[in-house]
Every structure is written in C-alpha cells, then in structure tokens.
1. At a probe size of 1.4 Å, how large is the accessible area of Arg85, to the nearest 10 Å²?
2. May I ask for the percentage of alpha-carbon pairs in the chain that lie more than 22 Å from each other?
3. Provide Arg192, Arg127 ordered by accessible surface of protein heavy atoms (probe 1.4 Å), highest first.
4. For the chain, which whole percent of the accessible surface, found with a 1.4 angstrom probe, sits on carbon and sulfur atoms?
5. What figure, in Å² to the nearest 10, do you get for the accessible area of Leu38 with a 1.4 Å probe and non-protein molecules left out?
6. When each pair of different Cα atoms in the stretch 93-161 is counted once in the 1/r mean, what is the Kirkwood radius in angstroms, to one decimal?
7. Evaluate the charge dipole of the stretch 93-161 about its Cα centre and quote only its size in Debye, nearest 20, assuming +1 on the Cβ of each Lys and Arg and -1 on the Cβ of each Asp and Glu.
8. Within the chain, what percent of beta bridges assigned by DSSP are antiparallel, to the nearest 5?
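The values are calculated or read from the model by the stated rules, or taken from the named source; none is laboratory data. Bear in mind the structure is a predicted one, so any value in this text is a computation, not a measurement. Cβ coordinates were reconstructed from backbone atoms using ideal geometry, including for glycine residues, and neighbour counts include every protein chain displayed. Keep in mind that these areas ignore ligands, DNA and RNA; they rest on the heavy atoms of the full protein, side chains included. Shrake-Rupley method; radii C 1.70, N 1.55, O 1.52, S 1.80 Å.
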Amino acid sequence: MSEPALAVTDLSVRYGAAATALTGIDLMVPRGEIVTLLGPNGAGKSTLMRAVSGLLHVHGGVITSGRVELLGSDVTSDRPAARVRRGLAQALEGRQVFPDLTVAENLAAGGHVRRYRKAQAREALERALSHLPRLHDLMDRKAGYLSGGEQQMLAIGRALMSQPTVLLLDEPSLGLAPKIVETVRDIILDIRDEGTSILLVEQNAAMALSIAQHGYVLESGRIVRSGAAADLRDDDEIAALYLGVS
Ligand code: ATP
C-alpha cells in the first residue's frame, strides 16, 4: 500500500510556557479521501492545521513532540513554502482573501510559491477554474466586493493554484446560506474526485460527515473519538453534540 497523503504522529503542541494546546495527536488522511476534524471551539482544530501547514510559529506555538509527514516525507521542521512545494495547500476561511486585489490577482498569488512559468500558471488557473466555474465571470472584480460564497470559492481557488496533493480546508461553510453550503460541498467532492486528499475542519458536522470517509473528534487538545464517518454520524453522542439532534 502507498503511504498516506498526510500522517500526524504523537503530535503535541504548546503556546508559551504553560498552555498545552494539543497532546499526542495521531491522525491520518489516506490518499484520495476526505477526512474531517470536528470539535468544539478551543479544542485545538486551528492549532492542528497550523502544525500541518507550518504556520504554528507565527502564532507563538511550538511542537514539543511528534511529527508531520506529507506523502511519506517528514516535514515537521520544513517552512510553509517548502510544504507547499511538496504538495500541501491550505484554504483559509473565505474572508481572508485580499479584498483590494481582483479575483485574478488573488488566484495568481496562490501560485506564487510554485514559481510557475507562464504556460504552467495558465494550466494551474484552468484547472482551478474547472472546479469553480462561477469565478470565470468575476476575474476582474475586487475580492472585497464578492459575496461570502464567492469569497469562499476564491479562497479554495487560491489554494488550488499551487496544485496540491493534500488540501487543508478551514471552515469552508462558515457563515454561508444553506444553498451555498451545498455548492461548496459539491466543489469539495469534485476536487476529491480529481484525486486530491482533503483534511476538512468544519463546524457544520452534518455536512462534513456526509462527504468524509473518516472523522476525528478533538476535545481539549486530544482525539477523543475517531472512526468511519458513517459510524460517527449514527452515534447518539456525536449527534447530540455536533449534529443538533437530541
Ligand atoms: P475555534 O474553532 O474556536 O477556532 P479551535 O478548535 O480551532 O477553536 P484553537 O484555536 O486551536 O482551537 O485553540 C486551542 C487552544 O489553544 C485554546 O485553548 C486556545 O486558547 C489556545 N490558543 C490558540 N491560539 C493561541 C495563541 N496564539 N496563543 C496562545 N494560546 C492559543
């Protein structure tokens, strides 16, 4: 069997001297699958994403044990740009696009780390837009004038511009109307169908568990549950806590 797209092993993280944010995290994203990470506010979801993307130090965090492997290579000490070149990209929440830049400029920024030649940049753009056709007609629009859903699509498009093998999605449905959430859900499936492996952090557990193969539940910095998404969906405790069912 080929190695997983992403493997996190015995990972512990702390901020400053006192606060331990993650303890002994083991998590795996198999190739070509969607894996979701659920958990309440403050559980450590963003911290785990930062440890994977390499942006932990920007927030004052340090890895105190464990490792992060991308496609079988240990990247625990690699800079964020080196991880992007190895095939990792993160789509931040939609409001973090550059508001004063156009859609085209935002997308171009997403390919920057790859140092594409012209033809490569054009190909990356075509591939990204094939998943996000709505952006086609908005290329000259300033990102700040887009709707919430369009900004979310742009955030995903920007990440796709580096042609990732592993895509980290941070709350892609946050603040979106149900119909737009459905569109974003279909876009995520479409990206997965092309072969990209996805780690999806979501508040919307129902949506996440409906498209993921596997899920992890994080509480107070520890994985407290993991399993097939279908099993988590049918679990009464998970339903009560995360699916709004009682
Ligand atoms: P949310 O959904 O609210 O963003 P989360 O699950 O992403 O929550 P984190 O933001 O990773 O959780 O936070 C995990 C823990 O680490 C919390 O106790 C939080 O207060 C702490 N923490 C997060 N960022 C920092 C930081 N930059 N400095 C110090 N502590 C932090």
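1. Its heavy atoms expose roughly 110 Å² to the probe.
2. Looking at the chain, the distances longer than 22 Å represent 53 percent of pairs.
3. From most exposed to least exposed: Arg127, Arg192.
4. Its accessible area is 48 percent carbon and sulfur atoms.
5. 0
6. Values: mean 1/r = 0.0864 Å⁻¹.
One decimal place: 11.6 Å for the Kirkwood radius.
7. Magnitude of the dipole: close to 300 debye.
8. Approximately 60 percent, going by the DSSP bridge assignments.
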